[in-house]
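A.B. asks: Handing you a structure now.
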Amino acid sequence: MYDVIIIGGGPAGLAAGLYASRAKLNTIIVEREKAGGQIVITDEVENYPGSVENASGPSLIKRMRDQVDNFGAEFVLDRVEKLELDGKVKKVIGKDNTYEGKTVIVATGATPRKIGCPGEAEFAGRGVSYCATCDANFFQDMEVYVVGGGDSAFEEAMYLSKFARKVTIIYRKSFEEARAAESIKEKAKKNPKIEYIWNAEVVEVKGDGILTSIIIEDTNTKERREIEADENDGTFGLFVFVGYQPKSDLVTDILDLEKGYIVTDENMHTNIPGVFAAGDIRKKELRQVVTATADGAIAATQAEKYINEHFE
């Protein structure tokens, strides 16, 4: 019997594990693949308070994981397949084991959204990517295109410019309407390697084994044109940063959701007593490492409070 079962080993789950285990609660983190979540594929982490110089996502997660281990939280790899959250004892049913606990913190995060156009799935890993730090080096001195208008799209475009000879951002609206912070947009504007195609969407991805062209459509005129790879390169990169899809399949018919995200109050309580949510899976305005870790800390302290009130 665990005091706290945490589903997900990203920043929110690790912060929850740190706070729960430090409070001497019997804590387990159940992670599907590996610790880290989305931040583990980020090359630079400059906006996390106190982050060391040249910190990367993996290095930050390693330090978090070491802290959690030092305080005695258990960490297991298992694919959670079903939740039974009614009643005093909660059950988290994994592929390998079933875990019983007094409280559950859902910190399953979110995954990159897809464009949803023909050819995208076929050429994923063959020119289409959702992770600049994973795949930038494959396009050394080549051309790449970045789809999106948020912070991630502009930040990753700047990162890609370290490798590619030219980076083109494609966004369905204008520069002024791009959702990225003004400071990030201005920084990107000063980068001589970054160009833009505004008011356009990628409507098809094409190739022969590898990506060789994309078709874009003007969002105003609906005119379409094909962008082909330089004949000397033979291919180019298409990096997609258009938001995230919440990993809420486990709780679809159990917890209150809004657009797939778990609805909580400011103290991370869901609609089921003893069940909390933290991190990118939660309905909120800002999804960053700093907010994820704050969520995790709050969820763990609220779980402790719940245990003290409902268990002897």
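A.B. asks: Give me the 1.4 Å probe accessible area per residue for the chain, excluding ligands and nucleic acids, in Å². Mind dumping the intermediate values first?
C.D. replies: On the way: 15430 Å² over 312 residues.
Dividing the accessible area of the chain by its residue count gives 49 Å².
A.B. asks: Output the antiparallel fraction of DSSP beta bridges having both residues in segment 119-244, as a percent to the nearest 5.
C.D. replies: 45 percent
A.B. asks: Taking R0 as 30 Å, what FRET efficiency do you get between GLU309 and CYS117 from their Cβ-Cβ distance, rounded to the nearest 0.05?
C.D. replies: E between GLU309 and CYS117, to the nearest 0.05, is 0.05.
A.B. asks: Related question: If you roll a 1.4 angstrom probe over the protein chains with everything in place, what fraction of the accessible area of segment 241-312 belongs to carbon and sulfur, to the nearest %?
C.D. replies: 46 percent
A.B. asks: For segment 71-183, compute the number of Lys pairs whose alpha carbons are separated by less than 14 Å, excluding pairs fewer than 8 positions apart on the same chain.
C.D. replies: 6
A.B. asks: Give the label of the value calculated from the structure for Rg and Dmax of the Cα atoms in Å, choosing from (1) 21.0, 67; (2) 18.7, 60; (3) 21.4, 72.
C.D. replies: Comparing each candidate, only (3) matches the computed number.
A.B. asks: Placing +1 at every Lys and Arg Cβ and -1 at every Asp and Glu Cβ, with all other atoms neutral, what dipole size does segment 1-147 have around its Cα centre, in debye to the nearest 20?
C.D. replies: Using Cβ point charges on Lys, Arg, Asp and Glu, segment 1-147 gives about 700 debye.
A.B. asks: Sticking with this structure for a sec: DSSP loop (so not H, G, I, E, B), at most 10 other Cβ within 10 Å: list which trypsin sites (Lys or Arg not before Pro) in segment 178-253 pass both filters.
C.D. replies: The qualifying sites are LYS190, LYS222.
A.B. asks: Could you work out [θ]222 nm for the chain from helices alone, using -39500 (n - 2.57) per DSSP H run of at least four and dividing by all its residues? Round to the nearest 500 deg cm²/dmol.
C.D. replies: About -7000 deg cm²/dmol.
A.B. asks: In percent, how large is the relative contact order of the chain, given Cα pairs closer than 8 Å and 6 or more residues apart?
C.D. replies: 22 percent
A.B. asks: Now a separate question. Assuming a strict under-13 Å limit between Cα atoms, what lysine pair count do you get for segment 246-312 once near-sequence pairs (fewer than 8 apart, same chain) are dropped?
C.D. replies: Close lysine pairs under the 13 Å cut-off: 4.
A.B. asks: Carbon and sulfur together cover what percent of the accessible area of segment 37-195 at a 1.4 Å probe radius?
C.D. replies: On the way: 3740 of 8060 Å².
Whole-percent figure for carbon plus sulfur exposure: 46.
The values are calculated or read from the model by the stated rules, or taken from the named source; none is laboratory data. Just so we're clear, the structure is a prediction, and the values are computed from it rather than from any experiment. Virtual Cβ from ideal backbone geometry, glycine too; neighbours counted across all protein chains shown. With ligands, DNA and RNA removed, areas are computed over all heavy atoms of the protein, side chains included. Shrake-Rupley method; radii C 1.70, N 1.55, O 1.52, S 1.80 Å.
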